[in-house]
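Report on the following structure.
Please treat every number below as a calculation from the coordinates, not as lab data. Everything numeric in this text was worked out from a predicted model, so none of it was measured. All Cβ positions, even for glycine, are placed from backbone atoms using ideal geometry, and neighbour counts span all protein chains on display.
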Amino acid sequence: MSAVSSPPKAQATSPTSAQAGNRLSPVAVHAQKARKPRTGSRRSSILLKAVMAVSGVVMIAFLVLHMIGNLKVLFGREDFNHYSHWLRTIGEPALPHEGFLWIMRVGLLVAVFAHMISATVLTVRAKRARPVAYKAKRKSVQQTYASRTMRWGGVIILAYILYHLLDLTLGVANPAGTGATPYDRFVADFQRWYIVAAYVVPLVLLGMHLRHGLWSAFQTLGLSNARRQRGINLFATGASTLLILGFLVGPAAVVIGVVK
Amino acid sequence: MKLTLQIWRQKNADDAGRMVTYQLDDVSPDMSFLEMLDVLNERLILEGEEPVAFDHDCREGICGMCGMVINGVPHGEQRATTTCQLHMRHFKDGETITIEPWRAAPFPVVKDLVVDRSAFDRIIEAGGYISVPTGSAPEAHAVPVPKPDADKAFEAAVCIGCGACVAACPNGSASLFTAAKITHLGLMPQGQPERDSRVKAMVDTADELGFGGCTNIGECTAVCPKGIPLETIARMNRDYLKATRG
């Protein structure tokens with residue numbers, strides 16, 4: 001291409017390439033480019049998906065521990081507050097106070113950012129791959145509601161996590177305030193119907209996100225096949241349902257007055 | 001049968017294009033979808049209008065040339081059927097049918113319902129082949145292939161490259177097409193020497209061409225006229241991650 005526009009002097013030094021450049025049709029040029037894909041110039045979509053799968057599994061592992069910890073609220077104020085305090089002392093004296101917690105937090109932050117960045121890149125690519133939308137109202141042949149709401153669902157879940165941190169971790173958005181114990185904050189929250197709603201709705205969304213996410217992780221990491229597909233789908237549905245039900249036990253106990 | 005057709009009309013690649021409505025009064029339920037369009041085109045020609053351009057060749061459901069998005073579903077709602085094998089008896093009298101071309105950035109519209117699917121050729125060129133010395137044919141039994149492998153490979157090899165998977169995918173991903181070829185060749189002994197380089201080159205080429213990523217939704221396999229299973233994508237992912245780890 002450059003040979004065509006280059007001055008005669010430059011052409012004289014490489015006459016063959018100049019001639020070849022002149023003879024190539026646009027189609028041939030396109031074909032030549034395609035034959036030598038510029039590998040590495042664009043991060044592979046499968047690698048991005050693998051990052052999403054692994055970071056997603058890390059976050060789910062955390063959620064399982066978080067859910068089990070939350071069930072402690074059923075054992076009363078003493079047990080729950082003691083558990084909360086114990087989390088800050090794990091590994092002492094080898095680790096400083098809250099050391100283990102900060103290792104977990106940094107790990108989770110890395111997972112959250114990796115998940116978000118990959119999702120953003122893949123979303124932008126998906127939008128660019130379909131610049132003109134179909135006029136016919138799109139009929140879903142196969143896709144589920146859960147799989148269609150992954151992207152916006154993810155954004156809503158992020159907003160919920162930020163609120164959740166301000167509410168129960170930092171306490172600034174909590175009715176009982178920053179000075180209250182974890183147990184009192186928990187109870188103060190779910191005695192108010194609008195806070196119950198602010199937790200239940202995102203948790204159900206999270207459940208759907210995890211259902212498709214878990215299935216998707218198996219597929220992305222190449223662990224799925226036709227025979228296992230049914231089992232993986234059942235596992236994804238079962239595990240996300242159990243996890244979300246586990247999270248709902250605490251708030252439900254406050255609502256019906258078992259925990260107060 | 002009386003039908004109202006809403007068809008995407010676009011003069012050329014640079015034209016903005018628009019939906020145009022046509023009335024068709026005497027459609028036989030025994031016509032194929034393409035024959036129905038032939039009837040419309042004969043009328044348009046008689047009226048001195050430009051006929052609707054669409055791709056077709058064998059009309060036997062095997063060449064992969066035909067394909068249009070019918071009422072929002074590639075090849076129409078009838079499962080495991082190409083547009084040419086879709087018959088008008090599956091539609092209701094008086095129905096309004098929307099007909100659009102495949103929509104994907106790597107498949108630019110050439111005219112009306114015709115899109116340029118050369119992008120698929122680029123993916124195949126990148127690695128959808130095996131390198132063998134040509135000449136005299138080898139003895140057929142020299143390389144044994146286990147029957148289950150042969151069956152699975154064939155299940156993937158029936159891909160006709162029509163592009164319905166890309167058209168159906170909300171992400172405009174070519175994963176099912178690429179995975180079908182990777183599965184087909186990756187299961188055969190002849191495909192082993194280039195297995196790693198093939199999956200790398202084909203997937204990276206699809207990414208470079210501007211196809212989207214897979215979100216494991218399954219629309220592709222649902223509309224595939226040949227029923228290529230979703231597990232081929234899992235196999236492609238597995239092979240790709242293995243090839244990347246080295």
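Working value for the range A:78-191: equivalent-ellipsoid semi-axes of 40, 20, 11 Å, each the square root of 5 times a Cα gyration tensor eigenvalue, largest first. Amide hydrogen proximity for B:V115: with H placed 1.01 Å from N in the peptide plane, the residues at 5 or more positions away or on another chain lying under 5 Å are B:V110. Placing unit charges on the Cβ atoms only, positive for Lys and Arg and negative for Asp and Glu, gives chain B a dipole magnitude near 960 debye about its Cα centre. Relative contact order (percent) for the range A:98-221, with alpha-carbon contacts under 8 angstrom and 6 or more residues of separation? For the range A:98-221, the relative contact order is 23 percent.
Remark: the range B:3-110 is approximated by an ellipsoid whose semi-axes, taken from the C-alpha gyration tensor as √(5λ), come to 20, 18, 13 Å, largest first. Shielding by partners for peptide B:217-224, expressed as the average number of C-beta atoms from other protein chains within 10 Å of each residue's C-beta, is 5. Each DSSP beta bridge with both residues in the protein assembly as shown is either parallel or antiparallel, and the antiparallel ones are about 75%. Peptide A:217-226 is shielded by partner chain Cβ atoms: per residue, an average of 6 of them sit within 10 Å of its Cβ. Here the range A:70-118 is treated as a sphere whose radius is the Kirkwood value from Cα pairs; by Stokes-Einstein at 4 °C and 1.567 mPa s it diffuses with a coefficient of 104 µm²/s.
Mean sequence separation of contacting Cα pairs (under 8 Å, at least six apart), scaled by the length of the range B:3-110, corresponds to a relative contact order of 33 percent. Rounded, prolate or oblate: which fits the range B:144-228, taking a ≥ b ≥ c as square roots of the Cα gyration tensor eigenvalues, rounded meaning a/c under 1.5, else prolate when a/b beats b/c? Oblate, because a/c is 1.5 or more while a/b does not exceed b/c. Computed over the range B:56-173, the alpha-carbon pair-distance distribution with 5 angstrom bins reads 2, 9, 15, 19, 17, 13, 9, 7, 5, 2, 1, 1, each value a whole percent. What percent antiparallel are the DSSP beta bridges of the range B:3-110, to the nearest 5? Expressed as a percentage, antiparallel bridges in the range B:3-110 total about 75. Would you be so kind as to identify which of B:L187, B:G210, B:S197 lies farthest towards the positive end of the dipole of the range B:179-220, taking Lys and Arg as +1 and Asp and Glu as -1 on Cβ and the Cα centre as origin? About the Cα centre, the residue reaching furthest to the positive side is B:L187. Summary of the geometry: the range A:226-257 and the range B:138-203, compared by the centres of their Cα atoms, lie 37 Å apart. Under a model in which nothing but the beta-carbon of Lys, Arg (+1) and Asp, Glu (-1) is charged, the protein assembly as shown shows a dipole of about 1320 debye around its Cα centre. Taking every residue in B:229-236 and counting other chain Cβ atoms within 10 Å of its Cβ, the average works out to 5. Based on alpha-carbon atoms, the Kirkwood radius and the radius of gyration of chain B give Rg/Rh equal to 1.03.
As a ratio to 2.2 N^0.38 Å, the alpha-carbon radius of gyration computed for the protein assembly as shown takes the value 1.21.
Placing unit charges on the Cβ atoms only, positive for Lys and Arg and negative for Asp and Glu, gives the range B:3-110 a dipole magnitude near 420 debye about its Cα centre.
With N the number of residues in the range B:1-65, Rg(Cα) / (2.2 N^0.38 Å) evaluates to 1.21. Computed over chain B, relative contact order equals 20 percent, with contacts defined as Cα pairs under 8 Å that lie 6+ residues apart. So what does log10 I(q)/I(0) come out to for the range B:69-118 at q = 0.13, 0.19 Å⁻¹, using the Debye formula with one equal point on every Cα and no solvent? Scattering profile of the range B:69-118, log10 relative to I(0): -0.35, -0.69. Placing unit charges on each Cβ (+1 for Lys and Arg, -1 for Asp and Glu) gives the range B:3-110 a dipole about its Cα centre, and among B:M65, B:V39, B:F107 the Cα reaching farthest toward its positive end belongs to B:F107. Put simply, the amide H of B:G213, placed in the peptide plane, has neighbours under 5 Å in A:A126, leaving out anything fewer than 5 places away on its chain.
Sorted on the mean count of surrounding Cβ atoms within 10 Å across their residues, most packed first, peptides B:165-174, A:110-119, A:50-59, A:193-202 read B:165-174, A:50-59, A:110-119, A:193-202.
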